[in-house]
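The structure appears below as structure tokens.
The values are calculated or read from the model by the stated rules, or taken from the named source; none is laboratory data. Given the structure is predicted, the values throughout are model-derived calculations rather than measurements. Note that each Cβ is placed from the backbone with ideal geometry, even for glycine, and that neighbours are counted across all protein chains shown. Note: accessible area is taken over every heavy atom of the protein model, side chains too, but ligands, DNA and RNA are not part of it. Shrake-Rupley method; radii C 1.70, N 1.55, O 1.52, S 1.80 Å.
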Amino acid sequence: MRGETNKEEEIREIYQLHYKDVYRFIVSFTKTQDEAEDLTQEVFIRSFKSFSNFKRKSNVKTWLFSIARNVAIDYSRKAKRKLIFNEVLLKMLPSKQKSTEDVIEIKEQVGDIFSTVKGLKSEYRMVILLRAVNDFSIKETADIMGWSESKVKVTYHRALKQLKTHLETDETESNGRWLIENE
């Protein structure tokens, strides 16, 4: 019991000594203060979980910053994947001024996109949901699906291509219907 108490005290001390430094490091990778706080907490959660594996071959601060670096890299990768997916979505949506009507229309179009995703074959739907929506890495997606990483990459690419094709077809059909209805 006494060893656990000393460990908890040491962890509290590490947190108090290094929280601000880790936060300042992490904040440069994020867009908001909330994200920075969440990622900083993630650094300390990971460090506390692996504290018993810390060999003390390096300084505690160096060890913490190696964890912070990994958290920042993970965050950047997820943000990049979201950005790529959002860019694909935005390219599919016509660009307009952002009036209230436009915002409502965009929300409807995003709803259409997710409806279209639901209509894709299950492999495509799963890989889009895992990679683009839930931010799983290629490796994590491969593990979940029981596939190779290259199959995940190829299937994801094909799924996005098919999604785009379906959305373009739907848009053409709905524009055609609109023209007929308004003649």
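Suppose each label sits 7 Å from its Cα in the direction of the beta carbon; what would the residue 101-residue 168 distance come out to in nanometres?
2.8 nm
Ranked from highest to lowest mean number of other Cβ atoms within 10 Å per residue, what is the order of the peptides 6-12, 39-45, 73-79?
Ranking the peptides 6-12, 39-45, 73-79 by packing returns 39-45, 73-79, 6-12.
In sequence order, what are the phi-derived ³J(HN,Hα) couplings for the range 64-73 according to the Karplus relation 6.51 cos²θ - 1.76 cosθ + 1.60 with θ = phi - 60°, rounded to whole Hz, with x for glycine and proline?
Values per residue, Gly and Pro as x: 4, 6, 5, 5, 4, 4, 5, 5, 5, 5 Hz.
To the nearest 10 Å², what's residue 136's accessible area with a 1.4 Å probe?
70 Å²
What does the convex hull of the alpha-carbon atoms of the range 1-81 project to on average, in nm²?
In nm², the orientation-averaged hull projection of the range 1-81 is 5.6.
Between residue 34 and residue 6, how high is the FRET efficiency from 1/(1 + (r/R0)^6) when r is the Cβ-Cβ distance and R₀ = 41 Å? Nearest 0.05. Before the final figure, lay out each step's value.
Working: r = 33 Å, r/R0 = 0.81.
So the FRET efficiency works out to roughly 0.75.
Relative to the present Cα-Cα distance, how much length would full extension add between residue 108 and residue 125 at 0.36 nm per residue of separation?
4.2 nm
Anything over 26 Å Cα to Cα? Flag those among 7/139; 49/78; 49/82, in the order listed.
7/139; 49/82
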